[in-house]
Amino acid sequence: MRPDDAGPPAEDAAVPAFWQALGLPGIADVHTHFLPPRLLRKVWAYFDAAGPLVGREWPIRYRWDDAARVAHLRRLGVRAFTALAYPHRPGMAESLNRWTLEFAARTPGCLPSATFFPEPGAAGYVDQALRTGARVFKVHLQVGGFPPTDPALDAVWGLLADAGVPVVVHAGHAPVGTDHTGPAPFAALLARHPGLAAIVAHLGAPDYAAFLDLAGAYERVRLDTTMAFTSFFDRFEQFPAAELPRLRELGLAGKVLLGSDFPNIPYPYAEQLTGLAGLDLGEDWLRAVCWGNAAALFGLAAD
């Protein structure tokens, strides 16, 4: 069976047929969110209010409890996913790490996830998270409101580079830019820590070409597809058609991974996959992006 036989999934119920047609054991999503319930309610309230860092109506589609959301990912065939959390002020990160790491320990398929903030003691709790088994970190430069080159993070970036543990970085300006987002601050970080294993969220939107440049220049820099190629996200700025050959090349080289932003999306999960399939970059590219690249990065087993 070919992907064309199943067709891009128009709704979530069709997602399993999509990856089965590609001959995959499932899909891996490196950009999903699970947070302490009280904090998650606050995040959803911020989206509901179209806060300053959102800037537009953004209705959350999957406003369910943890168990229901995990069950839905399993129905979709998401074999591996993350519990990305991110602090917006000092004093939050260490407790978030305890919650997300405990969540992963009791949730099969969840990659142990952690975060950090530029503050005294950050290197200590990041080291502890690594020792506890954290396999992916998340930093949100827009929400956190700090530059990636903050001196308080030098030791943290060094620890992560030495460990080879990837960090998903919201480094792009979308949906609302700040002084600390965009390719220039992130490039300055990479100049200091060229061995950093980073995954640029949202393909770096809207500065797609500049972030593709960085992924091509640095061996351990990758990008995730989160919300890209959906009708909702295209309102910020569409991915330039001229860059599709380079996106294909990077995907086949292991540098593009599936991300969704589940559950904080205003459309069905299936739309992310439909958008990727609609690029016509080939079955090998879809197999790499939807499973193979994450499987290689995180050592995921097909069985």
#### Entry: Under-5 Å amide H pairs with Val168, H placed in peptide plane, nonlocal only
Phe137, Lys138, Val139, Ile199
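Give me the 1.4 Å probe accessible area per residue for the stretch 44-179, excluding ligands and nucleic acids, in Å². Can you show the working numbers first?
Numbers: 5470 Å² over 136 residues.
Spelled out: the 1.4 Å probe surface of the stretch 44-179, per residue, equals 40 Å².
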### Dipole-positive endmost among Ser95, Ala161, Phe34 within the chain (Cβ charges, Cα centre)
Ser95
### Task
Take the Cβ-Cβ distance between Glu11 and Arg41 as r, set R0 to 22 Å, and report the resulting FRET efficiency rounded to the nearest 0.05.
0.20
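For Ala71 and Ala210, compute 0.36 nm times the residue count separating them, minus their Cα-Cα distance, and round to one decimal in nm. Mind showing how you got there, number by number?
Numbers: separation 139, 0.36 × 139 = 50.04 nm, distance 3.72 nm.
Gain on stretching Ala71 to Ala210: 46.3 nm.
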### Task
Report, to the nearest whole %, how much of the accessible area of the stretch 35-170 belongs to carbon and sulfur atoms, 1.4 Å probe, protein only.
55 percent
### Query
In the calculated pair distance distribution of the chain, what percentage of Cα-Cα distances lie above 34 Å?
13 percent
### Task
Any chance you could check the Cα centroid distance between the stretch 11-51 and the stretch 70-141 for me, in angstrom?
16 Å
### Query
Label points 7 Å out from Cα along the Cβ direction at Ala105 and Ala301: separation in nm?
2.2 nm
### Task
Set Lys and Arg Cβ to +1 and Asp and Glu Cβ to -1, take the dipole of the chain about its Cα centre, and tell me which of Leu73, Gly195, Gly172 lies farthest positive.
Leu73
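Can you work out the FRET efficiency for the pair Phe232 and Gln20, with r the C-beta to C-beta distance and R0 = 30 Å, to the nearest 0.05?
On the way: r = 27 Å, r/R0 = 0.89.
For Phe232 and Gln20, the calculated efficiency is 0.65.
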### Message
As a test of the formula, what do you get for the chain when each DSSP H run with n ≥ 4 contributes -39,500 (n - 2.57) and the sum is divided by the residue count, at 222 nm and rounded to the nearest 500 deg cm²/dmol?
### Response
-11000 deg cm²/dmol
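Given the Cα-Cα distance of Arg56 and Arg192 and 0.36 nm per residue of separation, how much length would full extension add, in nm?
Result: 45.4 nm gained on full extension.
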### Message
If you fit an axis through the alpha-carbon atoms of helix 93-105 and take the longest principal axis of the Cα set of the chain, what angle between them do you get, 0 to 90°, nearest 10?
### Response
40 degrees
### Message
For the stretch 119-230, I need the span (max minus min coordinate) of the C-alpha atoms along each principal axis, in Å, sorted largest to smallest.
### Response
37, 26, 25
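The values are calculated or read from the model by the stated rules, or taken from the named source; none is laboratory data. All figures in this text were calculated on a predicted structure; none of them were measured in a lab. In this analysis, Cβ positions are derived from the backbone assuming ideal geometry, glycine residues included, and neighbour counts consider all displayed protein chains. To get the accessible areas, we keep the full protein, side chains included, count just its heavy atoms, and leave off ligands, DNA and RNA. Shrake-Rupley method; radii C 1.70, N 1.55, O 1.52, S 1.80 Å.
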